[in-house]
Amino acid sequence: MKKRQSIRKAIILISFLLFPVTVYFFSPALILQGASEGVVAGSMITFALLFLFAFIFGRAFCSWICPSGGLQECARLANDKPFRHPRWNWIKAAIWVPWVLLIVILAIKAGGFHAIKPLYQMEDGIPLSESQGVVIYFGVLFFILAPALLAGRRSFCHMFCWISPFMIIGSWIRNRLRLPGLRLTSNKDDCIHCGACDKKCPMSLQVEKLVSKGNMRNAECILCGECVDVCPKKVIHFSWKDEKR
């Protein structure tokens, strides 16, 4: 349905336009700074909520709400080539694991967390109200935009996103526990192998192969619904129950 995708893209674009206000709620650096002072910063609260969000909605945040996703959607106007380096997906894990360990170490040195401050480092207003905040903001934009322009669709999501591991782990736990939640299912026998789903996928996944296997699970799937809406035979569906295997 074109309407669904129009709504999704409008929401994610609005989220990007609001990024100057919300950027600190997605900051991995503020989590480290807060941990060193024994403070639970707003971004730590955000990441914890996204971990819980994934139990119900998987990685739908990435395609429907994430401000960096909105920027990368815009980048597709300049480079809409598929991301063809799935072996590079491990990079974000290599960044994420030592980052989490550093959070733990800093918190221990600070004697544990003893304060919760959702507006940590934002007491004086939005981040862009000071020159330092402006520099940080545009540095973040460059860090997100450069991979998308050089390596193709949502390459930042694949390689460097510090938020996605929380949702990947949350989704994995949900699947292991066989809990209900938003996911994709397919009727592989109805597939005509037209390849439309592969061409449309913003994460450059081989969707047709997932359909053929009868298992739509993929850690990089962001549940955007592009494959659902483009399929001429309506082979792929959103569901709250896992596929029978």
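For the chain, what does -39500 (n - 2.57) per DSSP helix run (n ≥ 4), summed and divided by total residues, give at 222 nm, in deg cm²/dmol to the nearest 500?
It comes out at -16500 deg cm²/dmol, rounded to the nearest 500.
So for the pair residue 123, residue 7, with labels modelled 7 Å out along Cα→Cβ, what separation do we get in nm?
About 4.2 nm separates the two model spin labels.
Tell me the relative contact order for the chain as a rounded percent, counting alpha carbon contacts under 8 Å between residues six or more apart.
Over the chain, the number comes to 27 percent.
How high is the FRET efficiency between residue 115 and residue 49 when r is their beta carbon distance and R₀ equals 25 Å, given to the nearest 0.05?
Result of the calculation: an efficiency of 0.85.
Report the full-extension gain for the segment residue 90 to residue 138: residue separation times 0.36 nm, less the Cα-Cα distance, to one decimal in nm.
That pair, residue 90 and residue 138, stretches by 14.7 nm at full extension.
Return the sequence-ordered ³J(HN,Hα) values of region 169-180 in whole Hz as given by the Karplus equation 6.51 cos²θ - 1.76 cosθ + 1.60 applied to θ = phi - 60°, using x for Gly and Pro.
Each residue of region 169-180 in turn: 5, x, 5, 5, 4, 4, 5, 5, 7, 6, 7, x Hz.
Could you provide, to the nearest whole Å², the per residue accessible area of the chain with probe 1.4 Å?
Accessible surface, normalised per residue, equals 52 Å².
Please get the size of the charge dipole for region 1-120, origin at its Cα centre, with Cβ charges of +1 on Lys and Arg and -1 on Asp and Glu, quoted in debye to the nearest 20.
I would put it at about 620 debye.
Amide H of residue 40 versus every other amide H placed in the peptide plane: which residues, excluding those fewer than 5 positions away on the same chain, fall under 5 Å?
114, 115, 116, 117
Taking the Cα centre as origin and putting +1 on Lys and Arg beta-carbons and -1 on Asp and Glu beta-carbons, what dipole magnitude results for the chain, to the nearest 20 debye?
1180 debye
Relative contact order (percent) for region 1-101, with alpha-carbon contacts under 8 angstrom and 6 or more residues of separation?
35 percent
Quick check for me: using +1 on Lys/Arg Cβ and -1 on Asp/Glu Cβ, what's the dipole size of region 155-219 about its Cα centre, in debye to the nearest 20?
Dipole size: approximately 240 debye.
How far apart, in nm, are the 7 Å Cα→Cβ label points at residue 237 and residue 199?
Label-label distance for residue 237 and residue 199, simple model: 2.6 nm.
Which of the residue pairs 81/233; 2/92; 3/213; 3/199 have a Cα-Cα distance greater than 27 Å in the structure shown?
2/92; 3/213
Could you tell me the distance between the Cα centroids of region 168-245 and region 31-69, to the nearest Å?
24 Å
Using a/c under 1.5 as the rounded threshold, could you call region 193-245 rounded, prolate or oblate? The axes a ≥ b ≥ c are square roots of the C-alpha gyration tensor eigenvalues, and prolate needs a/b larger than b/c, oblate otherwise.
Rounded shape, in that the Cα axes give a/c under 1.5.
Name the shape class, rounded, prolate or oblate, that the alpha-carbon gyration tensor gives for region 99-209, where a ≥ b ≥ c are the square roots of its eigenvalues, rounded holds for a/c under 1.5, and otherwise prolate holds if a/b is larger than b/c and oblate otherwise.
oblate
Name the shape class, rounded, prolate or oblate, that the alpha-carbon gyration tensor gives for region 177-223, where a ≥ b ≥ c are the square roots of its eigenvalues, rounded holds for a/c under 1.5, and otherwise prolate holds if a/b is larger than b/c and oblate otherwise.
It is oblate, given that a/c is not under 1.5 and a/b is not larger than b/c.
The values are calculated or read from the model by the stated rules, or taken from the named source; none is laboratory data. All figures in this text were calculated on a predicted structure; none of them were measured in a lab. Cβ coordinates were reconstructed from backbone atoms using ideal geometry, including for glycine residues, and neighbour counts include every protein chain displayed. Only protein heavy atoms, including side chains, enter the accessible area calculation; ligands, DNA and RNA are left aside. Shrake-Rupley method; radii C 1.70, N 1.55, O 1.52, S 1.80 Å.
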